[in-house]
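Below is one structure, written out as structure tokens; comments come after it.
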Amino acid sequence: MYNTADAHHPEHPSGIWRWITTTNHKDIGTLYLCFSLLMFFVGGAFAMLIRAELFKPGMQLMDPLFFNEMATLHGLVMIFGAIMPAFVGLANWMIPMMVGAPDMALPRMNNWSFWILPFAFILLLSTLFMPGGAPAGGWTMYAPLMLQTGTAFPFTIFAIHLMGISSVMGAINIIATILNLRAPGMTLMKMPLFVWCWLITAYLLIAVMPVLAGAVTMELMDKYFGTSFFNAAGGGDPLLFQHVFWFFGHPEVYIMVLPAFGIISEIIPTFSRKPLFGYTSMVYAVASIAFLSFIVWAHHMFTVGMPLSADLFFMFTTMLIAVPTGVKVFNWVATMWRGALSFETPMLFAIAFVFLFTIGGFSGVMLALVPADWQYHDTYFVVAHFHYVLVTGSAFAIMGAVYYWLPKWTGHMYNETLAKWHFWLSVISVNVLYFPMHFLGLAGMNRRLPDYPVQFTDLNQIVSVGGFVFGVSQLLFVACIILCVRGGKKAEAKVWEGALGLEWTLPSPPPYHSFTEPPAANLIWAHPYQND
Amino acid sequence: MSAQAHAANHYYIPHGTHWPILGSVGLFTTAVGGALWLEGLDFGGYLCLLGIIIIFLMMFGWFGTVIRESMSGTYNAQVDRSFRWGMTFFIFSEVMFFGAFFGALFFARVFVENWLAGGSNSLFTNLLLWKGYEPAWPSNGPGHVGGSFEGMSAAGIAAINTLILLSSGVTVTIAHWGLKEGNRKKLCWFLLFTIILGFSFVGLQAHEYIHAYTEQNLTLGSGIYGTTFFMLTGFHGLHVTIGAIMLTVILLRSLKGHFTPQHHFAFEAVSWYWHFVDVVWLGLFIFVYWL
Amino acid sequence: MLQKNFKKALRGVIASSLTFISGPAFAIDLNMPVGVTPMSHDVYDLHMYAFWVCVGIGIVVFGLMLISIIWHRKAAGHQPAQFHENTVIEVIWTIIPFIILIALAIPASKVLVDMTNTSDPDMSVKIEGYQWKWQYDYLQDGFSYFSTLAADSNAASQLDSKLSPESVPHYLRDVDHPMVVPTGKKIRLLITANDVIHSWWVEDFAVKVDAIPGFVNQAWIKVDKPGTYRGSCSQLCGRGHAFMPIVVVAEGWDDYQKWVAAMQTSHGAFINPATLQPEQNGSPVVYAPAELNFNAPTPAPTQPIAASTPVAAPSPTPTIAAAEVKPAGKPTVAAAKTWTMATAMARGKQVFDANCAACHMADGKGNPAMGVPAIAAGPIPNGALAAHITLVLHGKGIMPAWGNILDDADLAAVITYERNSFGNHQGDLVQPAQIKAAR
Ligand code: HEA
Ligand code: HEA
Ligand code: CUA
Ligand SMILES: [Cu+2]
């Protein structure tokens, strides 16, 4: 039995009001996922404009300032609007089901964390229509350049504040759910890895989102209240902003990849029909990555002229992250090793993730070498690095997760043929899109350029074509989702032959309140991890 | 609501709620209003105020619902634990928020002063740009931004305020003991003391600020010293104010007899918050006023 | 670290393999250039070393995955094993990457230590970033000058430009006044900025140092080979970020000395056609008054050269804070000049295109998106002269204070030009003396 305050009322009010007032983790998860998909397209549309302008040298379509606005908004929208909400949406849907709970721990606050987001993005995107244009200082918003933003400035800052509030509340909810609502018998070391990864990600979120809020608040103070945080004449330093920003920013990039690690750690065992290799070391690896992520931030600032000792410190700590990340990669490979692999779309995305994320990780390690970073920094080499870890990393993991759990959510199988088309088109075009960026960067093309010397034309055209194909391919993704929601072959409770875990014990689609009674302990024992 | 609610193993799930959307509208209105006001449009200020009022309304409604549900015994130990985790991590996020500003202070004092004066690898920063600048604290930087001013001393108001906040930490704890003993009188009186101490702190700080602006020429614009001083103490003062308001609400609820010796999460949450504000002040006292 | 021969071999292998990948279709080298300073060689080696290490790890990891994918398929009838732990192997694959990383960190640290050693230079040049140009200040020689995007690149990069970028030599990598350095000398670069953060990057030197307002960063170069080296600002600095290139001409000591002498005589207004590559001729805006042209030296200025006292420790040069002080070596000479309407308008146009057009646009229409007003029909260019001079001298908001940047003659010329172009017909002819008086 469970106890709802509305036990005697109809479960769902109808229409839009249902979505606005819902406290149900599945509804909210759905809202997050839809919002994130929308933002992926908005951010992607900005990227398409960027790629169109860069198709040829010379300014074709827009003013250079507008180009900078596009790059800035593209970064902000993709990070805060697409990737992060997608992970929170997955957490909302899956964590209660994975730990055997009926819902999230703080359902009302859950509603609020979502419903702040659309308002935050209205604020952010409305700046496009303001005098002086949208913010154009890059998603990193470095002072003092950011202080030259026009009317858009305070709107941008407040939008960031709202996103921060939303993320922190979402993270608090996830932690409370995981720590408090696990089914009896599910010890921490029996939790699915997705849950573990999210637990640690939530800690990171709570630790760093307020720091970002602090950083942008200081900019606000400098612009409107005459403070001297970033003004050398007053004893401040523009680098202060960068330190505070990257203290947030680096953990932020792991916030965008740890849940992805969790997803991959769910998908690979399922389609290898073999338990995850090294569960315990996977947990410790994630924890070490999270810990290390707090002491590497200045690797984004190797060219700012830090003292030698700082350069060395941040170089070593940064390189160290390759060790726990390597453990993860090796464990995935070992999970596949001598399994019985099958290649449904989620597995294809997971395999692509392991390949391509690792490539992104390699360029990361190269970037960590300070003297070499002096050549790579702020070039397309960096752009290539972070799109490999973010697009073929985070975004691919999200796509894999959607295919993996969509039958569970909707009760229908998606169209495997269409999904495979989506995968293959994406995986080919994404490499056409991002791989040549390495060469562009090495050859000397800076990032954040609306226009470039003619010798870079050929490669940029290849990149742009890759970008357009990748963009159009994403329409297939939407098609797959819509078709699957509207119908399809009936999905069983245990959608995938090799799948293990509590979520697969519920029917597809699962009941409105996932586990109205704590699941039987023996179900948890059936979990793949440490089952002997 | 149903009587079995106290059974430990049962989940609690609230029905749909319209408070969050109201809260979001409130935040949105505050943000838009604030932004317009900063950009020089006066009506933005009113809009901002309207937003804040909406947020307050939302809080009343939301907390009201929670209080009603809690009073009627809908919640169980699990819900209580969830609330506790929630508050704990909320406070942790606040710690990190303050951390950003403390970080700014340390960075400016320890590194930037030194660099501007030519230390570390920054000899030429001093020679070419700020020749003759010596590291100092308080400092308004080599440009003497804001003109000369007088720094804050740890004696005087700061010391008194330290005493006030520390004793308010004691009184709130005594109130908690009272609550646990079921001694309503003790609870209410010591809560009242705490609130009085809290608001006296705010009052003294306001006095200190006025003095700084009028007598010491110490303003937000007084270079990095004024910047960090007002940012840190102001942000803290805001928290004290919010904490004192929350304590007032708790006092009213105590007077109404909302809390039982076993069941008083709201009280504890606010007292945690108060202790947190207290600890932050100690940090401020040491690093902003004293050292 | 690596043996010399091995390095050479490695370079050969990578060069040929990259050429192979790239094929003849690409106009550029796909790899990092080896460069022309000792540091750039080391960095290149480090880069290639790290690259091959990654390739090696990649082959192992991806190879194992591929084996699984090919042989351990369910479709091929493979039965899943059930192992899921093995402490020994986990320890091994924690330790081996660790060792690999140490092997990467050691050479990286060595190169880093060398690169940050800016002591004992033969000379120092201060480089200051502005939105959107560079200022080079030869501290010991007492002159400084600005270096802006070449006019043809600028024209071709406009949104509605009819010029194709392909037709412009060194599109976006060309400036009016290049930086000139002697070869074989250790040169210390002192890098800072005036407004926002910029970053001075010449890839062939492996130098990329952020220019931060209020702080001076250091780097050093020692150029092996004479030649023209091109780079650009690499930190986002606003609308013109793509349009503030860097050109460094390295020449032998004697030529360099000649250049210095000419610069001193002309107070930084000199441009040396001899240092320009043949295909470059015509592209730089000749910024100097005709009488200062190297090829047609007219009588030297009547006044003594502004004191170019050799300084042991560089003299303080002002920036943002001390805005009243003029940079060392700024000509006072030119102030003695008098313009005729024709000379002022001609010079004014040059100054306008080089300095003002970035924001106010070459047609004087301004840039509303940036909040930059039009000069055409603007209230100030068509209002009181004094207000116009004051605004240009002292700036306002984003509008820079040109009093610190341009000399009296150029200021007089550009103001004259503004008041009599773009449909403005004020008829004023401003003289340098008026500017001097208004300062
Ligand atoms: C999901 C996001 C994500 C992730 C996971 C990473 C992962 C890493 N990143 Fe990345 N990074 C970004 C997102 C991310 N990054 C972004 C967005 C930026 C740019 C921000 C901006 O400026 O706008 C950036 C920029 C960036 C820089 C600054 C570059 C510059 O501006 O000059 C650096 C420098 O050190 C860096 C390093 C690393 C390293 C060492 C890792 C490591 O975690 C990678 C570890 C993984 C592996 C190494 C592969 C697997 C390991 C093995 C197979 C084991 C064996 C391997 C070895 C022994 C080498 N990153
Ligand atoms: C988190 C995620 C994320 C994701 C998913 C992406 C996705 C993409 N990014 Fe991303 N990018 C960043 C994060 C991300 N980016 C960040 C942080 C920066 C730095 C910003 C800064 O400098 O401040 C950046 C910067 C950046 C640049 C450099 C800009 C510059 O420095 O000047 C470029 C250039 O090519 C680029 C391209 C792309 C492309 C083509 C995609 C594609 O993958 C997008 C594909 C998706 C779509 C296209 C949408 C779906 C399809 C449609 C809308 C249908 C219609 C399609 C067509 C009409 C073709 N990005
Ligand atoms: Cu200057 Cu970019
Ligand atoms: Cu990082």
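Below is a table of values for the structure above.
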| quantity | calculated |
| --- | --- |
| Separation of alpha-carbon centers, the range C:172-235 and the range A:228-258, rounded to whole Å | 25 |
| For the range B:77-290, with +1 on Lys and Arg beta carbons and -1 on Asp and Glu, the positive-most of B:Leu127, B:Ala117, B:Ala206 along the dipole | B:Ala206 |
| Per-residue mean of C-beta atoms belonging to partner chains within 10 Å, peptide C:89-101 | 5 |
| Cα lying deepest toward the dipole's positive end in the range B:1-147, options B:Ile53, B:Gly73, B:Gly147, charges on Cβ | B:Gly73 |
| Distance (nanometres) between label positions extended 7 Å along Cα→Cβ at A:Trp17 and C:Met341 | 7.8 |
| Using alpha-carbon coordinates, inclination of helix A:308-320 to the longest axis of chain A, degrees | 30 |
| Relative contact order (percent, whole number), chain A, Cα cutoff 8 Å, 6+ residue spacing | 18 |
| Tilt relative to chain A, helix A:396-410 - C-alpha long axis, 0 to 90 degrees, to 10 | 30 |
| Aspartates and glutamates whose Cα lies under 17 Å from that of C:Lys222, excluding same-chain neighbours fewer than 8 positions away | C:Asp42, C:Asp114, C:Asp120, C:Asp122, C:Glu203, C:Asp204, C:Glu251, C:Asp254, C:Asp255 |
| Inter-label distance for B:His258 and C:Lys349, nm, one decimal - labels placed 7 Å from Cα along Cα-to-Cβ | 7.8 |
| Given B:Lys186/B:Lys256; A:Lys408/A:Lys490; A:Lys408/A:Lys489; B:Lys180/B:Lys256; A:Lys274/A:Lys490, the pairs whose alpha carbons are separated by over 18 Å | A:Lys274/A:Lys490 |
| Averaged over B:219-225, number of beta-carbon atoms from partner chains that fall within 10 Å | 6 |
| Coordinate range along principal axes, alpha carbons of the protein assembly as shown, Å, largest first | 105, 79, 55 |
| Dimensions (Å) - chain B, Cα atoms, principal axes, largest first | 78, 41, 37 |
| Folded to 0 to 90 degrees: helix A:238-255 orientation relative to chain A principal axis, Cα | 30 |
| Long pairs among A:Lys223/B:Lys131; A:Lys56/C:Lys208; A:Lys223/C:Lys162; C:Lys258/C:Lys337; C:Lys110/C:Lys186, criterion Cα-Cα beyond 30 Å | A:Lys223/C:Lys162 |
| Equivalent ellipsoid semi-axes, the range B:153-291, via Cα gyration tensor eigenvalues times 5, rooted, Å | 32, 12, 12 |
| Value of relative contact order over chain B, rounded to a whole percent, pairs C-alpha under 8 Å and six or more apart | 17 |
| Shielding by other protein chains, A:237-245, mean Cβ within 10 Å | 6 |
| Net charge of neighbours whose Cβ lies under 10 Å from the Cβ of B:Phe124, counting Lys and Arg as +1 and Asp and Glu as -1 | +2 |
| Over chain A: helical MRE at 222 nm, DSSP H runs n ≥ 4 each giving -39500 (n - 2.57), nearest 500 | -21500 deg cm²/dmol |
| Efficiency of FRET from Cβ geometry, C:Trp52 and A:Ala52, R₀ 41 Å, rounded to 0.05 | 0.70 |
| FRET efficiency estimate (nearest 0.05) - Cβ-Cβ, C:Phe83 to B:Leu282, R0 51 angstrom | 0.40 |
| Efficiency of FRET between C:Lys110 and A:Gln60 - r from beta-carbon atoms, R0 30 angstrom, step 0.05 | 0.10 |
| Point-to-point label distance, B:Ile174-C:Ile398, nm (Cα→Cβ direction, 7 Å offset) | 6.1 |
| Proximal charge balance of C:Ala376 [Cβ under 13 Å; K/R count +1, D/E count -1] | 0 |
| Inter-centroid distance (Cα atoms) of the range C:356-431 relative to the range A:77-96, Å | 51 |
| Other-chain or far-sequence residues with amide H under 5 Å of C:Val202's (modelled H) | C:Val207 |
| DSSP-defined beta bridges in the protein assembly as shown - what % are antiparallel, rounded to 5 | 70 |
| Neighbourhood net charge (14 Å Cβ-Cβ; Lys/Arg +1, Asp/Glu -1) for A:Asp458 | -1 |
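Values quoted throughout were computed directly from the atomic coordinates according to the rules given, and no laboratory measurement underlies them. Values in this document were obtained by computation on a predicted structure and should not be read as measured data. Neighbour counts run over all protein chains shown; Cβ positions are idealised from the backbone, glycine included.
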